[in-house]
Amino acid sequence: MGSYDIGVIAPGHCSDPFGAIKCTVGDSTVEPYIVAHNMLLAHASATRLYREKYQAMQKGVVGLSIYSLWPYPMTKSTADLEATKRCLDFFLGWILEPLMSGDYPERMKKIVGSRLPPFTRIQSEAIIGSADFIGINHYYSVYVNDLPIKKGARDYTADLSISYKASKTDPPAGKAPPTSFPSDPEGLQRVLLYLKEAYGNIPIYIQENGQSSSNDTLVDTERTGYLKGYIGSTLAALRNGVNVKGYFVWAFLDVFEYLSGYQARYGLYRVDFNNEARPRQARLSARWYSAFLKNNNDDIHVQSELNSTGWHAEQ
């Protein structure tokens with residue numbers, strides 16, 4: 001989407017009036033669908049090659065990672081409830097449905113029409129079962145309102161035809177995902193249960209989950225609570241039969257974030273970007289997460305951490 005619809009990520013393709021930048025090359029109405037189509041075909045080809053030549057020796061597995069969120073209906077209206085289903089198809093089903101059935105979700109096919117490339121029978125057979133696992137990058141939930149589908153030229157966003165907010169009281173989001181969002185562990189649990197029900201009991205890895213902050217503090221109690229909540233919701237899904245195989249926090253340390261540079265800090269470790277040596281300091285979340293992974297008491301008390309002498313720079 002960023003690369004071929006709104007143009008904010010390399011190679012910066014977009015077309016007016018859909019781009020978030022000045023568009024000089026691209027076609028937002030078709031290119032995202034062509035790119036996703038080719039990605040699925042390339043994935044199937046790579047999986048086939050790996051399974052035929054390397055898997056027996058290396059014992060590896062191949063999967064796909066997708067960006068996930070959980071949509072709540074803004075109201076109980078039939079239109080908003082349908083909008084949440086459309087949201088799940090456009091965000092998750094677009095990539096996952098072909099892996100299971102060899103074709104795109106019916107809702108997408110009906111809305112996008114001929115702009116959605118078709119699979120041949122041979123291509124469908126190659127794609128089905130080509131993922132040994134699903135990876136998800138999950139950060140937040142949204143509240144969804146239905147919008148009337150526009151006439152004329154449409155891009156992915158216009159095809160999706162929803163208005164969404166990070167919370168019920170927020171203003172509607174723009175073309176890019178929200179940069180801040182409330183913690184909603186239940187949303188992750190709902191996504192995991194939905195994936196289990198919709199796509200079979202395929203192994204799932206939570207490959208990214210974390211919270212950004214523009215605050216440079218070491219005492220990141222909000223992030224620590226966020227991690228506790230989302231890890232807890234992962235456990236709840238696991239206990240309900242979801243085949244969750246792994247969980248990864250984003251991020252080990254503050255980095256240059258692709259969408260927001262150095263402004264958004266996700267790190268368990270603070271990095272001083274004003275110092276050429278880039279010294280690192282463990283935040284409270286790092287100390288909690290370390291204790292959690294060691295099976296220590298997972299409820300490290302904030303005050304004891306504040307009084308600890310362990311806050312030191314680690315090069």
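Hey, can you tell me all the residues within the range 18-40 that are within 20 Å of Gly113 (Cβ to Cβ), out of contact with any His (no Cβ under 6 Å at 6 or more places or on another chain) and open to solvent by less than 70 Å² (accessible area, probe 1.4 Å)?
Residues satisfying the conditions are Phe18, Asp27, Ser28, Thr29, Val30, Pro32, Tyr33, Val35, Ala36, His37, Leu40.
Being in contact with a Leu (Cβ under 7 Å, 6 or more places away or on another chain), among the polar types (S, T, N, Q) and crowded, with 19+ Cβ neighbours inside 10 Å narrows it down to one residue among Ser68, Ser15; which is it?
Ser68
I'd like to know if the range 63-72 contains one or more residues that are hydrophobic (A, V, I, L, M, F, W, C) and within 23 Å of Ser124 (Cα to Cα).
Yes, the range 63-72 has at least one match.
In the range 246-257, how many residues are over 17 Å from the mean Cα position of the chain (by Cα) and surrounded by 14 or more Cβ atoms within 10 Å (Cβ to Cβ)?
4
Filter the range 258-271 for residues that are under 23 Å from Leu227 (Cβ atoms) and either open to solvent by 40 Å² or more (accessible area, probe 1.4 Å) or in a strand (DSSP E or B) (or both) and give the result.
Tyr258, Leu259, Ser260, Tyr262, Gln263, Arg265, Tyr269, Arg270, Val271
Tell me, please, whether a residue that is assigned to a strand (DSSP E or B), in contact with a Lys or Arg (Cβ under 9 Å, 6 or more places away or on another chain) and crowded, with 19+ Cβ neighbours inside 10 Å can be found in the range 220-239.
No, the conditions are met nowhere in the range 220-239.
Scanning the range 99-114 for residues that are of a type in the set (A, V, I, L, M) and closer than 21 Å to Ser130 by Cα, which turns out surrounded by the fewest Cβ atoms within 10 Å (Cβ to Cβ)?
Met100
Step by step: first the residues of the range 272-314, then only those that are in a strand (DSSP E or B) and open to solvent by 40 Å² or more (accessible area, probe 1.4 Å), then the one that is modelled with the lowest pLDDT. Which residue is that?
Ala313
Just name the residue that is farthest from Tyr194 (Cα to Cα) out of those in the range 96-123 that are part of a loop (DSSP other than H, G, I, E, B) and over 23 Å from the mean Cα position of the chain (by Cα). If you could, list the steps in order and put the result at the bottom.
Kept after step one, since they are part of a loop (DSSP other than H, G, I, E, B), are these residues of the range 96-123: 102-105, 116-120.
Those still in the list that are over 23 Å from the mean Cα position of the chain (by Cα) too: 117-120.
Values: Pro117: 26, Pro118: 26, Phe119: 25, Thr120: 28 Å.
Within the range 96-123, the match that is farthest from Tyr194 (Cα to Cα) is Thr120.
Against the conditions (1) free of Cβ contacts under 8 Å to residues at least 60 places away in the same chain; (2) open to solvent by 20 Å² or more (accessible area, probe 1.4 Å); (3) part of a loop (DSSP other than H, G, I, E, B), where does Ala56 fall short? Just the number, please.
Status for Ala56: all satisfied but (3).
Taking the criterion of being in contact with a strand residue (DSSP E or B) (Cβ under 9 Å, 6 or more places away or on another chain) and within 28 Å of Tyr194 (Cβ to Cβ), would at least one residue in the range 3-26 satisfy it?
Here is the first cut: in the range 3-26, the ones in contact with a strand residue (DSSP E or B) (Cβ under 9 Å, 6 or more places away or on another chain) are none.
No, the range 3-26 contains no residue that is in contact with a strand residue (DSSP E or B) (Cβ under 9 Å, 6 or more places away or on another chain) and within 28 Å of Tyr194 (Cβ to Cβ).
May I ask you to verify whether Ile202 is under 24 Å from Leu88 (Cα atoms), of a type in the set (A, V, I, L, M, F, W, C) and either assigned to a loop (DSSP other than H, G, I, E, B) or more than 21 Å from the chain's Cα centre (by Cα) (or both)? Step through it out loud before you land on a result.
Values: under 24 Å from Leu88 (Cα atoms): yes; of a type in the set (A, V, I, L, M, F, W, C): yes; either assigned to a loop (DSSP other than H, G, I, E, B) or more than 21 Å from the chain's Cα centre (by Cα) (or both): yes.
Answer is yes for this residue.
Please find, among Ile21, Ile34, the residue that is in contact (Cβ under 8 Å) with a residue 40 or more places away in the chain and among the hydrophobic types (A, V, I, L, M, F, W, C). Even if it seems obvious, please write down each step before you answer.
On the way: Ile21 fails: in contact (Cβ under 8 Å) with a residue 40 or more places away in the chain.
Going through Ile21, Ile34 in turn, the sole match is Ile34.
Within the range 199-212, restricting attention to residues that are open to solvent by less than 50 Å² (accessible area, probe 1.4 Å) and over 20 Å from Asp184 (Cβ atoms), which residue is modelled with the lowest pLDDT?
Gly200
Give just the number: which of (1) on the phi < 0 side of the Ramachandran plot; (2) open to solvent by 10 Å² or more (accessible area, probe 1.4 Å); (3) touching a residue at least 24 places away in the same chain (Cβ under 8 Å) does Leu96 not satisfy?
If we test Leu96 against (1) on the phi < 0 side of the Ramachandran plot; (2) open to solvent by 10 Å² or more (accessible area, probe 1.4 Å); (3) touching a residue at least 24 places away in the same chain (Cβ under 8 Å), just (2) comes out false.
Which condition does Phe91 not pass, out of (1) of a type outside the set (Gly, Ala, Ser); (2) in contact (Cβ under 8 Å) with a residue 60 or more places away in the chain; (3) closer than 22 Å to Gly187 by Cα; (4) not in a strand (DSSP E or B), if it passes all the others?
(2)
The values are calculated or read from the model by the stated rules, or taken from the named source; none is laboratory data. This structure is a prediction, so every number in the text was calculated from the model and none was measured. When we count neighbours, we look across all protein chains shown, and the Cβ atoms used for this are built from the backbone with ideal geometry, even at glycine. These accessible areas exclude ligands, DNA and RNA; they are computed on the full protein's heavy atoms, side chains included. Shrake-Rupley method; radii C 1.70, N 1.55, O 1.52, S 1.80 Å.
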